[in-house]
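Data first, discussion second: the structure below is written as structure tokens.
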Amino acid sequence: MTDLLTEPGTVAQERRLVTELPGPRSRELASRRAGAVASAVGSTLPIYVERAGGGVVVDVDGNSLIDLGSGIAVTNVGNAAPEVVDAVRAQVAAFTHTCFMVGPYEGYVAVCEELNRLTPGDHEKRSALFNSGAEAVENAVKVARQATKRSAIIVFDHAYHGRTNLTMALTAKNMPYKNGFGPFASEIYRVPMSYPFRDEPGMTGEQAAARAISLIETQVGAANVAGVLIEPIQGEGGFVVPAPGFLPALADWCRRSGALFIADEIQTGFCRTGQWFASEHEGVVPDLVTTAKGIAGGLPLAALTGRAEVMDAVHTGGLGGTYGGNPVACAAALATIRTMRERDLAGAARAIEATMLPRLKALQERTAVIGDVRGRGAMLAVELVRPGTTEPDAELTNRISKACHAQGVITLTAGTFGNVLRFLPPLVIGQDLLTEALDVLDAVFAEHAPAR
Ligand SMILES: Cc1ncc(COP(=O)(O)O)c(C=O)c1O
């Protein structure tokens, strides 16, 4: 793993607490916020950010925190990555917006070319660009329905696909995402996920797929299914890695049934799991792929990429939007992709796994509250339970996450039961910082969780 972003002028790659957290300036901003920002918008951290770079976030009081969150899997290439900053500066100075539907430009085309090359499969592809992950998923559903002339969309337990009306229907968890926001879109059918830690012991991926397929065939009917939409590793649902064989069996069923296999790679994409896309770990070639988050180093951009004949089944004007594929976001994406390729950030993600996974497994040996350690690349998690059971312990998970924040390490939680502590470091994080964050995690567990 390389220690990047140590050039002068960038943020010092260190954990350094100079006030209590939150410090006085963060507290002042919190009180301004209370009078201005809708209370429905929450924040994980109590601090307000002033700068960020590489693997470090600096708050308005001068505290430096180690980033194990990447703004929820976005700054894979590092925060304010120099290559991205340069590309954005140049593009902002040239033009900021024309609307691709009015005055097209090269950046949009070049991002689509990159996506068509990088996503799994060497078939002919086409892409379209949007603003957010949810918007990309909505468009995947539109395209799948138009191309197949069918309406049913299959989704999974624990799935997260966004917060718009259609994507709320696709998302599994009620609180906080759906509660009170219905009625939801129709023709969405939910089936069980392969969740090795919570499935019957020994259940294979093929068996879990057969369980899902049997429900699809009996309750929906194969001929009605436009698409099977799945996160190859579930994100918000708790970094659930399906048992080997599950994804290929579903993809095979789609091929046999005339349904489209739609991989939501919004959280797993762009080198996060140690490959460009998580579908690659099992050689799965989706018909449609949604991407966002890590694609543009922090600028808002999302995409739908798919088989040319599927994407082009939609009439001209059927896809689009004012800002989709904004030129500044496209410039950032091209710089991000170039940096990922040049610095082999997929390899960096695998190196992060090689450092973190043994440490998390050693921690699991020492405490009875870690029921499962899982993930791939730099998308790793521990699931917290009451000792000797699989009963989720969300309260302890929150307490541990907050204790990490207090020690200057940014961690996030996830999971249907709120009991998963997840780690998403920027792929450029230095080895020393990563080791220091793991030392903090060890100390926090030692303080808050009983040893075996
Ligand atoms: C797998 C997945 N799909 C869709 C989304 C929604 O993306 P956005 O928040 O950009 O709308 C997310 C966001 O966390 C996600 O993880």
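The values are calculated or read from the model by the stated rules, or taken from the named source; none is laboratory data. Only a predicted model underlies this, so the values are computations on that prediction, with no experimental measurement involved. So basically every Cβ, Gly included, is an ideal-geometry build from the backbone, and we count neighbours across all protein chains shown.
Go over the candidates ASP157, ASP199 one by one and state the one that is over 20 Å from GLY318 (Cβ atoms), touching a Gly at 6+ places or on another chain (Cβ under 9 Å) and charged (D, E, K, R). Residue meeting the stated conditions: ASP157.
Scanning the stretch 154-197 for residues that are in a loop (DSSP other than H, G, I, E, B), touching an Asp or Glu at 6+ places or on another chain (Cβ under 9 Å) and farther than 20 Å from GLY42 by Cβ yields HIS158, ALA159, PRO192, MET193, TYR195, PRO196, PHE197. Cβ-Cβ distances below 6 Å connect the following pairs, each with a first residue in the stretch 126-144 that is acidic (Asp, Glu), a second residue that is buried (at least 24 other Cβ atoms within 10 Å of the Cβ) and at pLDDT 95 or above, and a separation of six or more residues or different chains: GLU135/ALA302. Residues in the stretch 165-178 that are in contact with a strand residue (DSSP E or B) (Cβ under 9 Å, 6 or more places away or on another chain) and either within 11 Å of the ligand (Cβ to nearest atom) or touching a residue at least 60 places away in the same chain (Cβ under 8 Å) (or both): LEU170, THR171, ALA172. When LEU363 is tested against (1) of a type in the set (A, V, I, L, M); (2) buried (at least 16 other Cβ atoms within 10 Å of the Cβ); (3) part of a helix (DSSP H, G or I); (4) under 23 Å from the mean Cα position of the chain (by Cα), exactly one condition is not met: (4). Do you know which of the residues in the stretch 124-140 that are within 16 Å of the ligand (Cβ to nearest atom) and part of a strand (DSSP E or B) is nearest to PRO286 (Cα to Cα)? Ranking the qualifying residues of the stretch 124-140, first place goes to ALA128. Restricting the stretch 275-302 to residues that are among the β-branched types (Val, Ile, Thr) and either crowded, with 24+ Cβ neighbours inside 10 Å or not in a loop (DSSP other than H, G, I, E, B) (or both), the residue that is farthest from the chain's Cα centre (by Cα) is VAL289.
Considering GLY103, GLY162, GLY78, GLY121, the condition of being crowded, with 23+ Cβ neighbours inside 10 Å and either of a type in the set (S, T, N, Q) or more than 16 Å from the ligand (Cβ to nearest atom) (or both) is satisfied by GLY78 alone. In the stretch 230-274, the residue that is farthest from ASN116 (Cα to Cα) out of those that are part of a loop (DSSP other than H, G, I, E, B) and away from the ligand (no atom under 16 Å from the Cβ) is ALA243. Selection of the stretch 198-229 for residues being within 16 Å of the ligand (Cβ to nearest atom) and in a loop (DSSP other than H, G, I, E, B) yields an empty set.
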